[in-house]
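Below: the structure, in structure tokens.
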Amino acid sequence: MTQEFLSQDTLVSLHDVGLDFKSRQVLNQISFNVHRREILTVIGPNGAGKSCLLKVILGLYQPTRGECKRAPGLKIGYMPQKLTVDASLPLSVERFLTLANNGNTGPVDNVLQRVGARSLRHSAVQSLSGGEFQRVLLARALLREPDLLVLDEPAQGVDLQGQQALYHLLAQLRDEQDFAILMVSHDLHFVMAQTDQVLCLNQHVCCSGTAESVSKHPEYLNLFTNNEVDDIAIYTHNHDHHHDLHGHVVEEHTHSEGGCKHD
Amino acid sequence: MIELVLPALLVGLLLTAIAGPLGCFVVWGRMAYFGDTLAHSALLGIALGFLFDLNLSIGVIAVSSSIALALTVLQGQRFIASDTLLGIMAHGTLALGLVLVSLMETVRVDLLGLLFGDLLATSYSDLLWVGGLVVFIAVTLYFIWTPLLNIAVNQELAQAEGTPVGLVRLLFMLLLASVVAIGMKVVGALLITAILIIPAAAARKLAHTPERMAMIASAVGMGAVVCGLGLSWQANTPAGPSIVLCASLAFLVIFVFARRKDA
């Protein structure tokens, strides 16, 4: 895990990034860094540009303004929200996984066991349920031995129990393999407890900061009967501006453009 | 007697051997109509070949590749759905080819041969360039197999993991255009897509890996060439349609009687 390009701590650095689609602004003035071993959660309402931000970081979109720098040789493991493989393509889980690492079947068993999907090794990818495929996608991202794991709404369509289990697993994996995690969540209030930095996005960065642990909120503790709350935390928003129905910033203070101070 | 059909048989076998794996990618990527458009534009390639006194196959490859490029660029626009666009390109280029061919007074062109193939007129010199082209296609395909498969599974994931999607797709289109040039000789502009997709579709039920499916597709196609030429010899039917008919029958038999093997 110690590679020389990791000697400086920054994996990805965004500086004043903006993205337009057909002259419509999707992202504006976004600056932040992803550091080694850091867990960063991007939250925001639908249409806030969360997925677009991920795609800029993955290199799928070129930013219209500003720049997105990646550490040289950075290895990214990407877990898309969902993925459908055409039914005409005969593909086992094992083959799907080894497509990502030059056909090396050696680590497959281990990594499948790690994500709790060992029994699926020889299944056809088209026969998997949503939750099963999600674990397989995580396994594929892990097989690449990434420096940065990028997850697009990993908790969507998973119940609270499954969400806890997933966050727990991610935290363990991060401790074992020392990668950074960047994930997107549509849930505005619940984030992974180990999250170092939360970024609230609505075309620009509305606010950012650390998440307070659930354990400090007795009223939320009451919602749970057992001790499995360690994996989820609450993020308290600290906005200094409001949005109108179209997502535009309502001018109510003296800042002219963007009207948003975030730190 | 056999010397008369031997070059035709060999050219047919070479075409279907290489059309097997390429056809699988056409089926996996739902590109049947795209292949059809390339095939129809081949007639324009022949016409331009005559006009500029070029080798006809080079004319076909050049025009089909250009059409493939134009389609890739045009599919970025949002005004017309891509199937409509493909229809316009397919029939527009076919019509232009037909008009140009009919305008040429110096050469007498066998229009039926262009549309449905004239396999029995194949000579040993045809065998040489077809053989060379098939070797080129096979070698290129060998080197881009894994990235091409990754793109067939999911283009976005492949791109995020660092597959050079643009380059690989470009090479694939060039290979497809080369197959179209060979197919013009064997089955004609209107039936080339059939040689690509019918054996691949027939192979799906019998295969549990992508490679197996490609090999079975080649075998089905080659079998169809032998049977089709036999039929053509016995019943004096046109060779190209006879081959496609045999492939279709093979598909039907496999589809009805084979039990599906899943990965």
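Just so it is clear, none of the values below were taken in a lab; they were calculated from the coordinates. The structure presented is a predicted model; accordingly, all values stated were derived computationally and were not measured. So basically every Cβ, Gly included, is an ideal-geometry build from the backbone, and we count neighbours across all protein chains shown.
Miscellaneous remarks
- P(r) tail fraction, the protein assembly as shown - alpha-carbon pairs more than 39 Å apart, %: 40
- Note that region B:163-260 shows a convex hull volume over its alpha carbon atoms of 98 Å³ per residue.
- FRET efficiency for B:Gln155 and B:Glu211, using Cβ-Cβ distance with R0 set to 22 Å, rounded to 0.05: 0.60
- Histogrammed with a bin width of 5 Å, the alpha carbon distances of region A:169-213 distribute as 5, 18, 29, 25, 14, 7, 2 percent, first bin at zero.
- log₁₀ of I(q)/I(0) at q = 0.09, 0.13 Å⁻¹ - region B:11-117, Debye sum with one point per alpha carbon: -0.26, -0.53
- Whole-Hz ³J(HN,Hα) from phi, Karplus 6.51 cos²θ - 1.76 cosθ + 1.60, for region B:34-51, glycine and proline x: 4, x, 4, 5, 4, 5, 5, 5, 4, 4, 4, x, 4, 4, 5, x, 4, 4
- Placing unit charges on the Cβ atoms of the charged side chains and taking the dipole of region B:2-257 about its Cα centre, the candidate lying farthest along the positive direction among B:Gly132, B:Val107, B:Tyr142 is B:Tyr142.
- With the simple spin-label model, which puts each label point 7 Å out from Cα in the Cβ direction, the B:Asp110 to A:Leu188 separation comes to 7.3 nm.
- Selection among B:Ala70, B:Thr93, B:Leu120 by position relative to the dipole of region B:20-130 gives B:Ala70 as farthest towards the positive end (Cβ unit charges, Cα centre).
- Estimated distance in nm for a label pair at A:Gln25 and B:Ala70, the labels positioned 7 Å out from Cα along Cα-to-Cβ: 4.0
- Gyration tensor (alpha-carbon) shape descriptor, region A:84-145, a/c threshold 1.5: oblate
- Each Lys or Arg adds one and each Asp or Glu takes one away; over the other residues whose Cβ falls under 11 Å from the Cβ of A:Leu11, this sums to +2.
- Sequence-distant residues sharing a close amide H with A:Leu83 (under 5 Å, placed H): none
- Region B:2-257 - percent relative contact order, Cα under 8 Å, separation 6 or more: 32
- Principal axes of region A:116-204: Cα extent on each, largest first, Å: 43, 27, 25
- Report summary: the helix-based calculation at 222 nm, which adds -39500 (n - 2.57) for every DSSP H run with n ≥ 4 and divides by the residues of chain B, gives -27500 deg cm²/dmol.
- Scattering from region B:2-257 was approximated by placing one identical point on each alpha carbon and applying the Debye formula without solvent; log10 I(q)/I(0) at 0.17 1/Å stands at -1.34.
- At most 15 other Cβ within 10 Å, DSSP loop - trypsin sites (Lys or Arg not before Pro), region B:182-263: B:Arg259, B:Arg260, B:Lys261
- Listed residue (A:Leu91, A:Pro107, A:Val125) projecting farthest to the positive dipole end of region A:84-145, Cβ model: A:Pro107
- Evaluated at q = 0.19 Å⁻¹, a Debye calculation over the C-alpha positions of region A:8-47 (equal weights, vacuum) places log10 I(q)/I(0) at -0.70.
- Net charge of the neighbourhood of A:Gln156, taken over other residues with C-beta under 10 Å away and scored Lys/Arg +1, Asp/Glu -1, is -2.
- Qualifying chymotrypsin sites (Phe, Trp or Tyr not before Pro) in region B:1-100, DSSP loop, other Cβ atoms within 10 Å at most 16: B:Phe52, B:Phe79
- Of all DSSP beta bridges confined to the protein assembly as shown, the antiparallel ones make up roughly 60%.
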